[in-house]
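The values are calculated or read from the model by the stated rules, or taken from the named source; none is laboratory data. Being a predicted model, the structure only gives us computed values, none of them experimental. No Cβ is skipped: glycine too gets one built from the backbone with ideal geometry, and neighbour counts run over all protein chains shown.
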Amino acid sequence: MLSALVKSLRPRQWTKNLLLFAGLIFTGNMKDLRLLGRSLAGFILFCILSGVMYLVNDVRDMESDRQHPEKRHRPIASGELPVHAALSAAFLLGVPALGLSYFLGVAFGNCALVYVILVTLYSLKFKNHVIIDLLMVALGFVVRAVAGIEAMAVNGKAPEVTPWFLACTLFLALFLAICKRRHEIILLNNRASEHRQVLEEYSPAFLDQMVAVTTTATVLSYALWSTIGTIGKFAGYRMMIYTLPFVLYGIFRYLYLVYQKEEGGAPESILLKDRPLQVNILLWVISIIILIYFYKST
């Protein structure tokens, strides 16, 4: 049962919470051990909270998951993890994690609370509302990004959050969510609405148009962030636009996996197994670190 519980917390999907370190990296504070510790604590708390929300969501979607060729193997849907055990674990993990969030500051605690409320509303109400369901998923990533900034608040003061940073996060999250919906429709074909009611409102053609819009918006918002939306006094910020090719390759590689390899149902799995994408992300991170922490203007 313990193994089933850990699996239901979905550790693979905790990679989404790495977004909490974005503020630490982009503000040039990676060398500050105090802020690094606070960011790490925030990351751990969000991993716990997101795991708890997966438990609650899997309990609610137990019947529909049994209609899915892959999700029917989840511990709760398969009966490996009893419902009462899942809900008890969710309470015992979620309440302390939410309470501890406020030790990192009221603003961070509020971000954690907003995240829980957002995911709960999505699961109970908005997951069956066309377009709104995608926006709710994307807003969850925006909340993570803001939480990462607020985790660095010392004496109640956190670094400034730029609009372009949030816009880029929103559009990238939308891009991934739309690709996931497209994969579900292609995979389930005529039975898509049996698994997720809202899938009846989508079509591959409609989602393809949305992919085109969010792809463009993601690239443009990153370009604008890297030129006019960065924060700080570091000389390397003026060179940030040269990291754009890594972003272009990452998006095009992901589109290749979605359209040519018929993947995209689980972005976190692609991140963990696609070597070219991993290498690209690593090179992007290295270039960011070099520009912010080591580049000196002449």
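Matching residues to (1) in contact with a Gly (Cβ under 9 Å, 6 or more places away or on another chain); (2) crowded, with 18+ Cβ neighbours inside 10 Å; (3) of a type in the set (D, E); (4) modelled with pLDDT of 90 or more:
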residue	(1), (2), (3), (4)
A192	no, yes, no, no
I231	yes, no, no, no
F234	yes, yes, no, no
Y256	no, no, no, yes
I270	yes, yes, no, no
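Restrict the check to the stretch 6-14 and report whether at least one residue is touching a helix residue (DSSP H, G or I) at 6+ places or on another chain (Cβ under 8 Å) and not in a helix (DSSP H, G or I).
Yes: the stretch 6-14 contains one or more residues that are touching a helix residue (DSSP H, G or I) at 6+ places or on another chain (Cβ under 8 Å) and not in a helix (DSSP H, G or I).
Looking at L92, L36, L121, can you tell me which residue is within 22 Å of the chain's Cα centre (by Cα), over 25 Å from L134 (Cβ atoms), free of Cβ contacts under 8 Å to residues at least 60 places away in the same chain and assigned to a helix (DSSP H, G or I)?
So the residue among L92, L36, L121 that is within 22 Å of the chain's Cα centre (by Cα), over 25 Å from L134 (Cβ atoms), free of Cβ contacts under 8 Å to residues at least 60 places away in the same chain and assigned to a helix (DSSP H, G or I) is L36.
Can you find even one residue in the stretch 24-39 that is touching a helix residue (DSSP H, G or I) at 6+ places or on another chain (Cβ under 6 Å) and on the phi > 0 side of the Ramachandran plot?
There is at least one residue in the stretch 24-39 that is touching a helix residue (DSSP H, G or I) at 6+ places or on another chain (Cβ under 6 Å) and on the phi > 0 side of the Ramachandran plot.
Taking L18, is it assigned to a helix (DSSP H, G or I), without any contact (Cβ under 8 Å) to a residue 40 or more places away in the chain and more than 15 Å from the chain's Cα centre (by Cα)?
In short, no.
For T120, indicate whether it is surrounded by fewer than 18 Cβ atoms within 10 Å (Cβ to Cβ), polar (S, T, N, Q) and farther than 29 Å from I228 by Cα.
Answer is yes for this residue.
Sort out which residues of the stretch 282-298 are at pLDDT 85 or above and surrounded by 16 or more Cβ atoms within 10 Å (Cβ to Cβ), and write them in order of number.
Once the filter is applied, which keeps residues that are at pLDDT 85 or above and surrounded by 16 or more Cβ atoms within 10 Å (Cβ to Cβ), the stretch 282-298 yields W284, S287, I288, L291.
Could you grab me the full set of residues in the stretch 146-176 that are small (G, A, S) and surrounded by fewer than 21 Cβ atoms within 10 Å (Cβ to Cβ)?
Result: A153, G156, A158, A167.
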